[in-house]
1. Do any residues in segment 74-95 that are closer than 26 Å to residue 64 by Cα and in the same structural domain as residue 61 (by TED's automatic domain parsing) have Cβ atoms under 6 Å from those of residues that are surrounded by 10 or more Cβ atoms within 10 Å (Cβ to Cβ) and modelled with pLDDT of 85 or more, where the two are at least six apart or on different chains, and which pairs are they?
2. Of all the residues that make up segment 63-95, how many are closer than 22 Å to residue 37 by Cβ and within 18 Å of the chain's Cα centre (by Cα)?
Amino acid sequence: MMGRHAFGGGEFLRRLGLLVLLSIIGVINGWAMAAPRIYFAQPRDCLFFRRFAILNTVAPGFVVNTFSATPGPAITGTLLIAAGVPVYFIWNRKG
């Protein structure tokens, strides 16, 4: 209760909590995008096992399995990714 009064009420704390949640999601996203690149690049510099430099060809099987097992979330995720494609081209458009 004391924190609620010290920070000006419940609305501020709700917004602060939302900002903390968004920050945590951003960190998880950044780590999920960067970590595999590290393990892919290290074998090329002879710092990790060579086997990890080879891309796995089983991935298309997982994609097909995901679409057949849970089509709703799979289609939603695909549409979210596809929605970013025009943004990419707009962002990288020359002058």
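The values are calculated or read from the model by the stated rules, or taken from the named source; none is laboratory data. This one's a predicted model, so the numbers in the text were calculated from it and none came from an experiment. So basically every Cβ, Gly included, is an ideal-geometry build from the backbone, and we count neighbours across all protein chains shown.
1. These pairs meet every condition: 74/66; 74/67.
2. Summing the residues that are closer than 22 Å to residue 37 by Cβ and within 18 Å of the chain's Cα centre (by Cα) in segment 63-95 gives 8.
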